[in-house]
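The values are calculated or read from the model by the stated rules, or taken from the named source; none is laboratory data. Please read these numbers as outputs of a predicted model, since none were measured by experiment. For neighbour counting, all protein chains shown are included, and Cβ atoms are generated from backbone atoms with ideal geometry for every residue, glycine included. To get the accessible areas, we keep the full protein, side chains included, count just its heavy atoms, and leave off ligands, DNA and RNA. Shrake-Rupley method; radii C 1.70, N 1.55, O 1.52, S 1.80 Å.
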Amino acid sequence: MTKGAPTDNKYVLDWIEEVVSLCKPDNVIWITGEESQLEELRKEACSTGELEKLNEEKLPGCYLHRSDPRDVARVESRTFICTPTKEEAGPTNNWEDPDAMYEKLNKLYDGCMKGRDMYIIPFSMSIIDSPFAKFGIEVTDSIYVVVSMAIMTRIGNQVLEALGDSPQYTKGLHSKAKLDPEGRYIVHFPQDNTIMSINSGYGGNVLLGKKCLALRIASYLGHNEGWMAEHMLILGIENPQGEVKYVAAAFPSACGKTNLAMLIPPKHYRDAGWKTYCVGDDIAWIRIGDDGRLWACNPENGFFGVAPGTNAKSNLNALESTKKNSIFTNVVHDLDDNTVWWEGLNDTPPKNAVDWQGRPWTADSGEKGAHPNSRFTAPAVNCPCISTEFNTAKGVPLSAIIFGGRRAKTAPLVYQSRSWDHGVFVGSIMASETTAAATGQVGVVRRDPMAMLPFCGYHMGDYWQHWIDMGKKVKNPPKIFNVNWFRTDDEGHFIWPGFGDNLRVLEWILKRSDETIDADEAPIGYVPKPEDIDIEGLTIGEDVVRDLVTIDRDLWKEEMAGIREYYKQFGDKLPEELKKALEETEAAL
Ligand code: GTP
Ligand code: SPV
Ligand code: MN
């Protein structure tokens, strides 16, 4: 079956022999990266209904895909980190003994590709000639996965050439199998550099370069190798003096990374000469540079963004990114002009349409036409504000790291940590309301340290210690902040305008990073003097800003009590620095 393979790498060929004999596909197809091969596959997928070709004039090269209705989001309850001991995976991950898990999975994979084609996708996270790139090979029986990976990563023979005869690559085995929710597993074996995903066809569960490799496996590798894999967007901000500074921000799923990564400055900022550049919208790999600063690069090559709410006002750059060579998953299909629609795109829903499940649908039905976690897969090169540094190996130096979540109360609009270690504390105590990006209840506040709860490939206590240790090694660490765009009033409306106006907060953050502006001391850190947040052109006044940055001591005392309780599960692994920061905050309150 490996006859005619485009590589002699015996570590690759032996593994492919193994998965072929396990999955028993009818054919084995090596994905070369050539456009002609991808085009053939798209045609084949259109012939079976797996993809639908959209209006070539309005959306050239674009396709619609619907996943199984029971398979529309990441499934955290079925995502596993299988380290030799449970202790290594820690209390926040699902764990099973690797041997037991291999045995269980091998039964599920046995013959799962009979009657199907197997596709072998060599891919690279980061540009292929980067010394920091990590290579992977994803084996899959899904054309949707092949064409999505071709957007999200660098793929094909060029990766095999760069890999040469090295064993250093991540093995990723994916099969849709029967799409059975009961048999669904997304499993990571960090020590074996292996990922196995079965019975799902939804992005985050099956595009194995993304959350599985670039976060779960990479966070484990980064811990061993002295770097960090983080759930962060990377944004460049140019001020009117022409200086470009970079920030990285970690927000949980569906909490605003893609939006902040592509933000368009408010009008008077644009007029003054402010510009923004997107380096990444989801994942940052961070290293210590020769200059003693932290440098971040985006290992991905595309965006897998939330569709609902994306519109010309909220995120024009994302919308523009989807205008060609993109795939839309679980959105509304407008049958009149063969385009797509979702809630929040505009006020003119299509009259003749089918919903995300392919059922006839009109807006009057009162039901949502697009799934709340419907997504677009778009090439990064399409983004009008893509950074010139996007395709560089060394990435960009960070001036600030920002944590944030979706909190109706408690968390202020912005606050700054007192030090690196205190910043790690601020990241570790993050909490956010759950969203449709993962299955389960939506809108429940849960702790999501560094937005990595579902993505950390090892013990969370060790992960925090790694953050502390990295801080000791960097001479000029970025300052660390926390933001919350989602505070609501008594009627449940968002108080802060958000989106492009978030630059007003970023401006304060950059000034604090430069130490060119004062701040007020609060028990939890530094908060802006209300007059230091630019509100020109907004309908809210300084008094509202004052409220947004005010700390409610009673709520925060409760918060600290909750954190004390939360921390207990980490036992000895809880870094001393975090214990101390908790005690200091309690005392200050
Ligand atoms: P993942 O791709 O799942 O990791 O999500 P994300 O973090 O990239 O979130 P995204 O930018 O797609 O935003 C998710 C939702 O939050 C969308 O419905 C947005 O409209 C909304 N949102 C983003 N930024 C803001 C903001 O500043 N204010 C408010 N109120 N909503 C926002
Ligand atoms: C997220 O859930 O954080 C996403 C989408 O970015 S997924 O790729 O499904 O993880
Ligand atoms: Mn996103």
* Structure fact -> Checking Met452, Met460 in turn, the sole residue that is among the aliphatic types (A, V, I, L, M) and within 16 Å of ligand 2 (Cβ to nearest atom) turns out to be Met452
* Asked: Given the residues Ser428, Ser432, which is the only one that is touching a Cys at 6+ places or on another chain (Cβ under 8 Å) and either within 16 Å of Tyr567 (Cα to Cα) or crowded, with 24+ Cβ neighbours inside 10 Å (or both)?
  -> Ser432
* To do: Could you list all residues from the stretch 498-512 that are more than 16 Å from ligand 1 (Cβ to nearest atom) and crowded, with 20+ Cβ neighbours inside 10 Å?
  => Leu510, Arg512
* Asked: Within the stretch 467-484, which residues are touching a strand residue (DSSP E or B) at 6+ places or on another chain (Cβ under 7 Å) and either of a type outside the set (D, E, K, R) or assigned to a helix (DSSP H, G or I) (or both)?
  -> Met470, Lys473, Val474, Pro477, Pro478, Ile480, Phe481, Asn482, Val483, Asn484
* **Answer residue from the stretch 330-351, given it is within 15 Å of Tyr63 (Cβ to Cβ) and in contact (Cβ under 8 Å) with a residue 60 or more places away in the chain and is surrounded by the fewest Cβ atoms within 10 Å (Cβ to Cβ) among those** => Asn338
* Asked: Across the stretch 360-377, which residue is nearest to ligand 1 (Cβ to nearest atom) among those that are in a loop (DSSP other than H, G, I, E, B) and charged (D, E, K, R)?
  -> Lys368
* To do: Could you check Arg216 against (1) within 16 Å of ligand 1 (Cβ to nearest atom); (2) among the basic types (Lys, Arg); (3) touching a Ser or Thr at 6+ places or on another chain (Cβ under 6 Å) and say which number it fails?
  => (3)
* Asked: Can you name the residue in the stretch 378-399 that is outside any loop (DSSP other than H, G, I, E, B) and β-branched (Val, Ile, Thr) and is also farthest from Gly344 (Cα to Cα) among such residues?
  -> Val396
* Structure fact -> Of all strands (runs of 3 or more DSSP E) fully inside the stretch 279-328, the set with 2 or more residues that are open to solvent by 20 Å² or more (accessible area, probe 1.4 Å) is 284-288
* Determine whether Ala162 is closer than 16 Å to Gly203 by Cα and open to solvent by 20 Å² or more (accessible area, probe 1.4 Å). => no
* Asked: Does Ala177 qualify as being surrounded by fewer than 24 Cβ atoms within 10 Å (Cβ to Cβ), under 19 Å from Val139 (Cα atoms) and either in contact (Cβ under 8 Å) with a residue 40 or more places away in the chain or within 16 Å of ligand 3 (Cβ to nearest atom) (or both)?
  -> yes
* Asked: Filtering the stretch 218-229 down to residues that are open to solvent by less than 10 Å² (accessible area, probe 1.4 Å) and more than 14 Å from the chain's Cα centre (by Cα), which residue is farthest from ligand 2 (Cβ to nearest atom)?
  -> Trp227
* Where in the stretch 1-101 are there helices (runs of 4 or more DSSP H), lying fully within it, with 3 or more residues that are over 23 Å from the mean Cα position of the chain (by Cα) and surrounded by fewer than 17 Cβ atoms within 10 Å (Cβ to Cβ)? -> 10-23, 35-48
* To do: Can you tell me which residue among Val340, Val306 is under 27 Å from Pro265 (Cα atoms) and of a type in the set (Val, Ile, Thr)?
  => Val306
* Please work out if Cys278 is under 26 Å from Met125 (Cα atoms), within 13 Å of ligand 1 (Cβ to nearest atom) and not hydroxyl-bearing (Ser, Thr, Tyr). => yes
* Asked: Among the listed residues Trp341, Trp361, which satisfies the condition of being at pLDDT 95 or above, touching an Asp or Glu at 6+ places or on another chain (Cβ under 9 Å) and under 14 Å from Leu54 (Cα atoms)?
  -> Trp341
* Which one of these does Arg564 not meet: (1) under 15 Å from Phe481 (Cβ atoms); (2) touching a helix residue (DSSP H, G or I) at 6+ places or on another chain (Cβ under 7 Å)? -> (1)
* If you take the residues of the stretch 230-254 that are small (Gly, Ala, Ser) and within 14 Å of ligand 2 (Cβ to nearest atom), which of them is nearest to Pro454 (Cα to Cα)? -> Ser253
* For the stretch 247-259, indicate whether the set of residues that are assigned to a loop (DSSP other than H, G, I, E, B), open to solvent by 10 Å² or more (accessible area, probe 1.4 Å), within 16 Å of ligand 1 (Cβ to nearest atom) and touching a Phe, Trp or Tyr at 6+ places or on another chain (Cβ under 7 Å) is non-empty. => yes
* Hey, among Leu263, Leu345, which residue is assigned to a loop (DSSP other than H, G, I, E, B), farther than 22 Å from Glu367 by Cβ, among the hydrophobic types (A, V, I, L, M, F, W, C) and within 14 Å of ligand 1 (Cβ to nearest atom)? -> Leu263
* **Residues being open to solvent by 30 Å² or more (accessible area, probe 1.4 Å) and of a type in the set (S, T, N, Q) - total across the stretch 513-522** => 1
* Restricting to strands (runs of 3 or more DSSP E) lying wholly in the stretch 125-222: which have 2 or more residues that are aliphatic (A, V, I, L, M)? -> 134-140, 185-189, 194-198
